[in-house]
Amino acid sequence: MAYPIERLKERPEFLRVASTRLRHAAPGLVLQMREHSEQERNTAKFEPIRLGFTVSKKVGNAVVRNRVKRRLRAAAEAILPNHARPYRDFVIIGRQNAITRSFSELKSDLEKALKKLDAYEENS
């Protein structure tokens, strides 16, 4: 089942995900995850999957960082709606290698990270 994805945009939301310390580093990205509380699951305010992106200035200038974010966004749109378990927040952090890795390798990195965090479900 494909789940709708909402964007994380505010700093406290990113910090809440980071505070859980559930993360997996792959060559092209780092995936952080937080499960929604029971209260959040029962409110209509939250979409089942929420997603945020961040890329450090260490990766490059604004042009490079935006390119990395676009590539990661495309990979996430291809994988997460059909394979991510619902009721979770994800933050994808772009790494230096994200700019040179092929798109299929980025998607593979994301799938492996989901599996390591026990957030991957097969398409039914």
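The values are calculated or read from the model by the stated rules, or taken from the named source; none is laboratory data. For clarity, every value in this text was computed on a predicted model and none was experimentally measured. Cβ atoms come from the backbone with ideal geometry, glycine included; neighbour counts cover every protein chain shown.
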Residues of the stretch 72-124 that turn out to be among the aromatic types (F, W, Y), part of a loop (DSSP other than H, G, I, E, B) and touching a Leu at 6+ places or on another chain (Cβ under 8 Å), as a count = 0
inquiry  = Given the criterion modelled with pLDDT of 95 or more and basic (K, R), identify the matching residue among R21, R41, R65, R85.
reply    = R65
message = I want to confirm something. Restricting to the stretch 16-39 and keeping residues that are in contact with an Asp or Glu (Cβ under 9 Å, 6 or more places away or on another chain) and charged (D, E, K, R), which single residue is farthest from D118 (Cα to Cα)?
response = R16
